[in-house]
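Working notes, structure below.
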Amino acid sequence: MKKEISKILRKPLKKIGLKLEREEIEKYVEIPPSPDLGDFAFPCFAIANRLKENPHDIAIRIREKIKRVPYIFEEISVVGPYINFYLNRKIIFYELLKEILKRREKFGKSNLGKRKTIVVEFSSPNIARRFGIGHIRSTIIGNAIANLCKFQGFTVKRINYLGDWGTQFGKLILGYKKFGKPEKFKKDPISHLQEIYVKVNKNKKYLEEAKKEFKKLEEGDRENLVLWRLFRDVSLKEFEKTYKLLGIEFDEIASESEANKLVNKVIEELKEKKIAKKSKGALVVHLKKYGLGTAIIKKSDDTTIYCTRDLAEAIRRYRKFKFEKMIYEVGQEQTLHFKQLFKILEMMGYEWAKRCIHISHGLYLGKDGKKFSTRKGKTAHLEEIIEECKKYAKAEIKKRFPNLKEEEVERRGLKVALAAIFYGDLKNHRMRNIIFDIERFTSFDGNTGPYILYTYARASSILKNTKAKTKLEKIESLDENEIQILKLLEIFPERARKAFEELDPSIVANYVYELCKKFNEFYHACRVLGSEKESLRLAIVEAFRQVTRNACKILGIQLLDEM
């Protein structure tokens, strides 16, 4: 609707001496605090400085230039410095419902990214470790950001960049040689490897030995390569189960070990362009004049570092995908690393480096408000978190539906648990630290994932209880509850676009919660089946379900038709 208003205002604004593009006009258009002041308003004080006139006088002049009020508006009037637009709601909402029911899963989508590619790197766990709480945020947020990009018409390439190279694998190899027990590894390989990692990491005396083991790995030592491949293979099998459970897929599984094969060319390029220099036996890039310190390219022991591998991997991706943008969804503790990475790529002459973006996120904290740490052995694993959430969800489902079969309770419990985890994260701005409170996340009341699922199931039950097909007829009248939910349905495309522009899935998450609240108000106030307005209200219910599906698909949340 803001687009329609910008079309109406563009010519009158030009006639009074102000040439504005439609996009700029749209930014000024707002929703008034009271319905009495219209459905939309254009504040003229926003442009008063440019015209050197009184805002009220500007509003009157603009209104005089609007000769014909389009049929979608009942009235366009001036109140103080505002031009207020009153929608012809019967027409506009009829067209809205018709569009939603026709376009279905395409409603809200745009072709903004047509013939353009965005690469999104997210999740990126380290091998030989359980999928811990530290990687859940990147996985959930990165998946939602990839979905936001796809919703705007971009071709999206989802990359999972595995941390499978570096000194930590020297620690693992050393640890396995010293403390490894084949019978324990066979029974539960990841738990045993994690136990070994913690043990080695706690004792500083093992650090130099671990560095030597990694150097041997880089040099192709047969024994170390066999162990490394074994650790990698068992990890990949575990990750596959995890991503299948979460309903998340990738277009490419990349890895530091593969990138490591390309680093020699990058190092030579850095030397040729005189970007990298020797310092205390190491190869470095000085970035102090940019306020970014010094980036190590190669250590003094001649082993590579992840910065070098990331440089090689970024160049490989651009050559393969010719992306419009590349988004890295990685925790905020890596902010300096990515600033250094992008600056070095820029210094190397790669103009696309300016289109690389680091999207960071805050931390999950325990109830004590402290960070989880794998190194200290204090962490929570994803499967444990899901099971704990599922326990709470199943208890609530059994309480509400005591006759439900156990198999169905299990199925619904898992979906509710996943919705609780996904939504519990995504409703927050990604930069916020979050206290991971399972009991709060799994509540069926308030701003939670289970509340979204329950509301959607409630809407589905209405349609299940009628044989009538959703057939939209001319709207004769609208009451306030109908107007409120229709107004929210209308702004879904705008919210999805804003979430993409700000790379902020919480905009969509909070929108869908707001929509569910309005639907529940509508549900309690407006009888649907058997009412005089059954046709209209069934259409509203179906439109609500469709928009909720579209929003939840962006968030990665799977819905239930029955709770």
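The values are calculated or read from the model by the stated rules, or taken from the named source; none is laboratory data. On a predicted model such as this, the values are computed, not experimentally measured, just so you know. Ideal geometry is used to build each Cβ from the backbone, glycine not excepted, and the neighbour counts take in all protein chains shown.
Before moving on, here are some points about what is shown:
- Qualifying residue in segment 131-150 (condition: assigned by TED's automatic domain parsing to the domain that holds I196, in contact (Cβ under 8 Å) with a residue 40 or more places away in the chain and in a loop (DSSP other than H, G, I, E, B)): yes
- Residue-level analysis places Y318 among those that are crowded, with 16+ Cβ neighbours inside 10 Å and closer than 30 Å to K114 by Cβ.
- One residue alone among I344, I297 is touching a residue at least 24 places away in the same chain (Cβ under 8 Å), assigned to a strand (DSSP E or B) and crowded, with 18+ Cβ neighbours inside 10 Å, and that residue is I297.
- Among the residues of segment 528-548, those that are within 37 Å of the chain's Cα centre (by Cα), under 16 Å from D479 (Cα atoms) and small (G, A, S) comprise S535, A539.
- Checked against (1) buried (at least 16 other Cβ atoms within 10 Å of the Cβ); (2) out of contact with any strand residue (DSSP E or B) (no Cβ under 7 Å at 6 or more places or on another chain); (3) not aromatic (F, W, Y), H358 meets all criteria but (2).
- Of the residues making up segment 278-292, those that are under 39 Å from the mean Cα position of the chain (by Cα) and either part of a loop (DSSP other than H, G, I, E, B) or surrounded by 14 or more Cβ atoms within 10 Å (Cβ to Cβ) (or both) are A282, L283, V284, V285, H286, L287, G291, L292.
- Pick from segment 215-234, criterion of a type in the set (A, V, I, L, M, F, W, C) and touching a residue at least 12 places away in the same chain (Cβ under 8 Å), ranking: nearest to G166 (Cα to Cα): L217
- Among residues of segment 165-189 that are more than 24 Å from I305 (Cα to Cα), those with a Cβ under 8 angstrom from a residue that is among the charged types (D, E, K, R), sequence gap 6+ or separate chain, pair up as F179/K199.
- Single residue of segment 300-309 satisfying the filter (touching a strand residue (DSSP E or B) at 6+ places or on another chain (Cβ under 7 Å) and under 19 Å from Q334 (Cα atoms)) that is surrounded by the most Cβ atoms within 10 Å (Cβ to Cβ): T308
- Residue in segment 170-193 that is surrounded by fewer than 21 Cβ atoms within 10 Å (Cβ to Cβ), in contact with a helix residue (DSSP H, G or I) (Cβ under 9 Å, 6 or more places away or on another chain) and part of a loop (DSSP other than H, G, I, E, B) present: yes
- Filter pass, L560 being surrounded by fewer than 20 Cβ atoms within 10 Å (Cβ to Cβ) and out of contact with any strand residue (DSSP E or B) (no Cβ under 7 Å at 6 or more places or on another chain): yes
- In this entry, A210 is excluded by the filter for residues that are of a type outside the set (K, R), in contact with a strand residue (DSSP E or B) (Cβ under 9 Å, 6 or more places away or on another chain) and not in a loop (DSSP other than H, G, I, E, B).
- Hey, L270 part of a helix (DSSP H, G or I), among the aliphatic types (A, V, I, L, M) and more than 18 Å from W165 (Cα to Cα) or not: yes
- The number of residues in segment 496-552 being closer than 24 Å to K325 by Cβ and either of a type in the set (A, V, I, L, M, F, W, C) or not assigned by TED's automatic domain parsing to the domain that holds R430 (or both) comes to 8.
- Scanning segment 235-264 for residues that are closer than 12 Å to L162 by Cα and of a type in the set (G, A, S) yields S235, A254, S255, S257, A259.
- I434 in contact with a strand residue (DSSP E or B) (Cβ under 8 Å, 6 or more places away or on another chain) and over 19 Å from I248 (Cα atoms): yes
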